[in-house]
Structure formats: C-alpha cells, structure tokens
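K.L.:
The following block contains the structure, expressed as structure tokens.
The values are calculated or read from the model by the stated rules, or taken from the named source; none is laboratory data. Keep in mind that what you see is a predicted model, and the values were worked out from it rather than measured. FYI the Cβ positions are ideal-geometry reconstructions off the backbone, even for glycines, and counts take in every protein chain you see.
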Amino acid sequence: MEEKSLKTILVVEDEPDVVSYLVTFFTTNGYNVVSATDGKKGYEKAKANHPDLITLDILMPEESGVRMYRNLHDDPTTNEIPVIMITGYRSDFKKFIETRKQVSPPAGYFEKPIDRDAVLEKVKELIG
Amino acid sequence: MIWLVKEWCCLPSAAVSAMTEQMEKFFGRELFEQMPFNLAVIDRDFNVMTANNNFEDYFGDWKGRHCYEIYKGVYKPCSHCQALDTFRDGKVRVVDGVGIDRHGITRHYVAHLAPLYDNDGQIKYVMEMTTDLTETRRWQREYDLLFDRVPCYITVIDNDFRIIRANEKFRRTFGEDVQNRHCFEVYKKRKTICPSCPAVETFSDGSEHVSNQVGIRQDGTQTHYVVTTSPLSREKDGIAHVIEIATDITDIRELEGQLKQAHDLYESLISNSATGIIAVDSGGESKIMNPAARELLDWKARRMPSVESLLKMLPDEFGGTGLINEDSLDFLSTSILSKSNEEIPVRFRAVELKSRGKKLGKAAFLQDMRDMKRLEAEKLDAERLGAVGQTVAGLAHTIKNMLMGLEGGMYMANLGLQQGNSELILEGWEILQRNFEKTTTLVKDFLSFAKGRLPELKLVDPNDISRDIIDLYKVTARNQGVELILEPGEGIRPAFLDPSGMETCLTNLISNGIDAALMREEGGGRVTLRTYEDKDQIIFESIDNGSGMDSEIQEKVFTTFFTTKGGKGTGLGLLTTRKIIQEHGGTIEVESSPDEGSIFRIRLPRDRLETLAGNSLTRNKED
C-alpha cells in the first residue's frame, strides 16, 4: 500500500552507470523509479507507466532525447508529465530547447555532473 | 600604159598570151607575184583575166572561171557587185567580203577594187586585191572578249583624263554612261584630278605606275583596287592615251581585315592567358612564348629560347615520341625545370599543330600548380585540424558522462557505508572502477588521436591491408556467429597509404560491423570488406547486415563521441577513423537503413595521396 503512494520517476539515460546512480539517488529519497536506455523505450515506458516525472538525457542512441521530448509533448496522455533534462550536452542547448516554438520549455535543466541537492529540490517542487 | 584585150575568154590563145605579156610588162611579173595580196584582174563580164600565185594559192584554180564562182562558189553575179560599181564610176573601193577558199572554208577578207584604163581612157578591167582578215577578225573577237570579260576594270583615257573606252566589268560597277567623262569623276565621284594619280605620272614619264586606290561604285559603296597605268599611244607632244587596268581587292581587303582581327584576338588571348603557352614550328624553331610561359620558365631574354633549351626545361614527353603516336598528351601532374633550375609542378598538355593534315609544329600548355599544391596542402591541414576541433567539442560530453559515473559511484559507495549496505558499496565501487578505467582508456585514445601525426605513406597493395584485417577477425567473428567476407578488387595498382593507420580504420569499421551484425535478432550476421578502385579513387567498403541506423544517428557518427555500445565504447573509434582518412586526403561516408544494415565507405583519391607522398618526400629531404 505504501509502495503505491510513492511518486514514480522515469529515468531515461543510455549510460548504465548513470542509470544506477540516478535510480539509487531517487530511490533513497523516497521515489519509485523506472528506467529506459533510449528515447524510444523511454516513450513506451512513459505511456505504459504514467510516471509523475521524467529525467531525460539528450544524446542517446536509437532515438534522441529531443525526439522523445517532442513525442511526449505531442501526446495528450503524456504532455502533462514534467520533464527534467539531465545531460552532458553543451550548455547552449538549454537555451535552444527553451526557445523552441513547437514545444514548451522543460520543467528543469541540469548539466552533468549534477548538483544532487538542486535536482532533488526541483523534483520536490514539481511533484512533492 | 595599159594594153587591154576585149574578151579574155574568147580570145585566141595567142592574144591571151600577148595580154599577159603586156600586163607583166606593166607590173613586172616579179612585183605582181611578190605583192602580199591576192591579186586578180576581171573584165566587165566577171571573167578572171589574170591572177598572181597568192590568189591561186588562196582561191584555187582561176583560169576560165568567173570571179563570183571563185569567190563565192555561185553561178551568177552577186546581187550588189561592188566591182560593177567601180566599172561604172571608176572609184576605188574597199569592201569587206566573205567568201570561200580553195578548200571550201569560209574566209573573211578585205578587197580593194581599182579600175584599170585602156589607152582610150575607158575602164576595161578592175583589179581586185584581197587580204585575208580571218585571223585578224578572230584576234579582234578574242581581244574584245578579253577586254570585256577580264575580271578587272579596264579603261583607256586620253590626256584630258576622259574615258575613251571602258570594259564591261567597269561599266557594270561604275555605270554605263562613262564614255567621255573624266576618270576621276567616274572612279571617285570627284570634280578634280585625284591627288595621287598614277595616270598623271604615266602621262608625264611614259612609264608604268601602280597604286592602291579607293573608288566609289555606282551604288555608293566603296571599292578598293590596285591600278596599273601604262602608256597606250604616243603623239609628238607625248603620251596620247593611257590604259588603266585595275584589280578589285575589296574582298581581299575585307579578308585581310578579318584575318588581322582574328590574329589580334588570338594574340591577345595567348599573351593574356594565365596558362603558359609555347609553340615550336615544324622546322624546330620556337615561335610563341607568352608572358605566362616566360614567367614560369624564368626566361628573361627578349629572344626566344632554342628548341634545345626548351627541351631541357619542359617535360621529356614534349621532345619524345609521345606526340608521334598521339595528337595530344595531357599530364595532370608533372614538373618543369625553370632557367634558374627551380622545379615547378605543372599541369602539362602538348598538342600537335596541324592544318589540313599538314604538320605545322607543336604547342605546349603549362599550368602553374604551385598555388594549387599549396592550397591542397593547406586544405589537408585544415581538415586535419578541423577533425581535432570537432573531436574536442565532442569530448566534453563524454567527460561529463564519466564524471557523472564517478560521482554516482562515490555517492553509492558513501551511501552504502552510511547504511552499512555492502551490496551498495560494491556496486558503487564497481561503477567507480569502470569509469576510472574508461577515463584512462579515453585519455590514452585521445592522446593517440590528438597527436596529429602525419601518415607514414608507403606504396602498398590496398587488397593486402584488407586481407590482413579479415584474417585478424575471422575466428573471433565466426565464434560469435558472424560471417566475415573479403572481396578484394581486381587490377588495383599499389597506392601510397599509411598501412598502420589504414589497419586502425578498417579494424574500427569491421569491429563495429560485427557488433551491429550481432544485434540481428534472427542471427545470420554478415560483414563484407570490399576493396575497389573507381575514378582514380581507392575505395574500402565495410558492409554489414546488422541493426543499421536512422538518419539522425548517421549524422552524428563521425562528429561526436558517439557510441551505441553503452558502457563498452569510448565513442572514439569512428572519430579516429575519420581523422586518419582525412589525413590521407580522403573522405568517409555512411549509408544505412534501420534493421537492414550499414555501409561505411572510405574514398582515397590517388592524386591527393600522391601529393601527400610528394610533400612527405620533400619534408624528409628537408629534414
């Protein structure tokens, strides 16, 4: 019963070690975590699991974070889910993604390596 | 004093001989025979009384015949007999006649008819002197024909410069109404004598003169002609008539103008061409050397170099037998030796110069390739630096991911320590270890990548490199269920390649191909390494039937630290490959479709490999 009340975060990240890190971090802080290693699987899991929040890497094989972000945005069943971008991509990408007309800016943007406290604060602010 | 008999034909022979005797006495037989005419004497009944040998030779036998029988071959007197008129009025007549000679051939002659009187002052006979005009008439016709039809303007002018006669061509050009008009008026529409008139000179010195003149035709257009004036007839005061013979050279002048224009055009093109142009005639003499050629060969003297000097400077093929077998020779990359002994890379073309199958000589075209070679070397450098630059940009992403891994490992190990959770400590430690190793590998790979070394080019068989790679991976691939196929190209000449660099490239491509082929869910993975040559490019293709890539990934594979292998790869393989290929002056491209496979294609242009080999040779010499 307690498990069910936990908020779920979907971690989309192609580096297995980073996945382990984020899963451990969010789990330790009281969240239920699912993960996917590319944009395609990430979108499928978002539709299947209806997470409360998604963390998304940009540069991934198969399907990039940008495409997944657009798919989430275009899909009425997923477009309400807040997305935090956690990426090693150049910082000017933040500006780029935030100024696109086709999609709304992401709920949060963090560059790797992350400031854990800041990430946690943002997550709490978004989903409690 | 003439003694005459009444009826020649009716006279007894003694009387005839008496008359002949008298005639001969009067004329003198000798004179009678020597006269350069046909002489005959007729009586009022048209009987030929006597005739000289010339007459007989011309008209035939005359004895006992009437004049009309002899002259005209008819049997009754002519209707308008002029001799009859002379018998009647005693006047001397000169008439043109046409008759037939002893051979029956029609003859033109002029006949002088003169009366012969007896002692009583009566006209007893008429003497007919005929002179043949047949030849003269023919000459006259020929002359008229020549005068009118000759393709020149001919005029005869008097010493008042009035035209006495003009031929047909002249009249057609300058107008029919030219008779008695001043030549300067007809020729040039002038009112006064022309300032440089050759006729004036001929009238003055009696010699022939020639000059170029410009006239105006009756249609108002200009005509250029060369006129020769010659004295035609003289009077006691000097030359009375001058004949002017003029040849129209308007067309020739026009052609000359066009020729001059064409010549000026070609001369300007040749002298302003940035390509060096040299021409030698069939006699082995240098004829053309334009400023670009002079500069290239550093030839400062005004005179042209001898063919021997040229042969020393130009590529051997110019003097060799190449041009005997071919009309032209083209060398994309060769060199010349300037007068100051500088070896200059050029594109060289030689052609046999011919006109209507006749050899005129040969020409050489030299294109200075120094700038081109320099630009090419600079471009190669820029491409090499560009590859490093792009790589550095991509490096940040990889390092950030590794830092994130290290941070994650520390976090998990610390958390495990805090919670006394040995599983978490172990997991964190493993992550730390893995990312440390990855960092080490990356640093090593990057150092080797960033070294920016120049390829060590050797003349090798491209097929040999491919074969070595296949041999190296065959067993590994087979153990993983992937078939490795070598497709060596036929007839590929050895090329300048860095064998170790190319092995690195092909190793990367083949190992990527095997990884991709392993991802096939249905098995049957296959990787083919194909080598061939196309349009002077050596091409290596790695073809796999693996998972393939969509266009988004294809765009990224060569430009970022990109890996589809999760934690296994540093993402440097294709970057390194591209860099080595660029160092070879080549390119690498990818064709791929998701779930169908990928083709990675390396293209190495031979001329760039040769340039690089040439540069490295120069560098080695300098070292």
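K.L.:
Within segment A:14-40, count every residue that is more than 9 Å from chain B (Cβ to nearest Cβ) and either modelled with pLDDT under 90 or in a strand (DSSP E or B) (or both).
P.N.:
8
K.L.:
Test B:Ser286 against the criterion of being more than 30 Å from B:Arg374 (Cβ to Cβ), of a type in the set (Gly, Ala, Ser) and loosely packed, with under 15 Cβ neighbours inside 10 Å, and give yes or no.
P.N.:
Numbers: more than 30 Å from B:Arg374 (Cβ to Cβ): yes; of a type in the set (Gly, Ala, Ser): yes; loosely packed, with under 15 Cβ neighbours inside 10 Å: no.
So B:Ser286 fails the test.
K.L.:
Would you confirm, using the coordinates I've provided, whether B:Lys451 is at pLDDT below 85, surrounded by fewer than 20 Cβ atoms within 10 Å (Cβ to Cβ), within 30 Å of A:Glu111 (Cα to Cα) and more than 14 Å from chain A (Cβ to nearest Cβ)?
P.N.:
Numbers: at pLDDT below 85: yes; surrounded by fewer than 20 Cβ atoms within 10 Å (Cβ to Cβ): yes; within 30 Å of A:Glu111 (Cα to Cα): yes; more than 14 Å from chain A (Cβ to nearest Cβ): yes.
Here the answer is yes, as B:Lys451 does meet what is asked.
Let's see how each residue does on (1) within 30 Å of B:Ile105 (Cβ to Cβ); (2) surrounded by fewer than 18 Cβ atoms within 10 Å (Cβ to Cβ):
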{"residue": "B:Val126", "(1), (2)": "yes, no"}
{"residue": "B:Pro151", "(1), (2)": "no, yes"}
{"residue": "B:Asp160", "(1), (2)": "no, yes"}
{"residue": "B:Glu168", "(1), (2)": "no, yes"}
{"residue": "B:Arg171", "(1), (2)": "no, no"}
{"residue": "B:Phe174", "(1), (2)": "no, no"}
{"residue": "B:Val178", "(1), (2)": "no, no"}
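K.L.:
Identify all residues within segment A:44-77 that are under 21 Å from A:Phe110 (Cβ atoms) and hydroxyl-bearing (Ser, Thr, Tyr); write none if there are none.
P.N.:
A:Thr55, A:Ser64, A:Tyr69
K.L.:
Which residues, counting only those in segment B:338-378, are over 27 Å from the mean Cα position of the chain (by Cα) and either exposed (fewer than 13 other Cβ atoms within 10 Å of the Cβ) or assigned to a strand (DSSP E or B) (or both)?
P.N.:
Answer for segment B:338-378, where residues must be over 27 Å from the mean Cα position of the chain (by Cα) and either exposed (fewer than 13 other Cβ atoms within 10 Å of the Cβ) or assigned to a strand (DSSP E or B) (or both): B:Ser340, B:Asn341, B:Glu343, B:Ile344, B:Pro345, B:Arg370, B:Asp371, B:Arg374, B:Leu375, B:Glu378.
K.L.:
Which members of segment B:543-594 meet the condition of being modelled with pLDDT of 80 or more and on the phi > 0 side of the Ramachandran plot?
P.N.:
The answer is B:Gly548, B:Gly585.
K.L.:
Right, A:Pro61: in contact with a Gly (Cβ under 9 Å, 6 or more places away or on another chain), surrounded by fewer than 17 Cβ atoms within 10 Å (Cβ to Cβ) and at pLDDT below 90 or not?
P.N.:
Values: in contact with a Gly (Cβ under 9 Å, 6 or more places away or on another chain): yes; surrounded by fewer than 17 Cβ atoms within 10 Å (Cβ to Cβ): no; at pLDDT below 90: yes.
For A:Pro61, the condition - in contact with a Gly (Cβ under 9 Å, 6 or more places away or on another chain), surrounded by fewer than 17 Cβ atoms within 10 Å (Cβ to Cβ) and at pLDDT below 90 - is not met.
K.L.:
Restricting attention to strands (runs of 3 or more DSSP E) lying wholly within segment B:92-197, give those where 2 or more residues are modelled with pLDDT under 95 and within 52 Å of the chain's Cα centre (by Cα).
P.N.:
On the way: elements: B:93-100, B:106-117, B:123-132, B:153-158, B:163-166.
It comes to B:153-158, B:163-166.
K.L.:
Still on this structure, I have one more. Looking at (1) assigned to a helix (DSSP H, G or I); (2) surrounded by 18 or more Cβ atoms within 10 Å (Cβ to Cβ), can you tell me which one B:Leu426 breaks?
P.N.:
(2)
K.L.:
Also, quick follow-up: Residues that are free of Cβ contacts under 8 Å to residues at least 40 places away in the same chain and either in contact with a Phe, Trp or Tyr (Cβ under 8 Å, 6 or more places away or on another chain) or of a type in the set (D, E, K, R) (or both): find the strands (runs of 3 or more DSSP E) completely inside segment B:207-319 holding 1 or more of those.
P.N.:
Details: elements: B:209-216, B:222-235, B:238-248, B:276-281, B:286-289.
The qualifying strands (runs of 3 or more DSSP E) are B:209-216, B:222-235, B:286-289.
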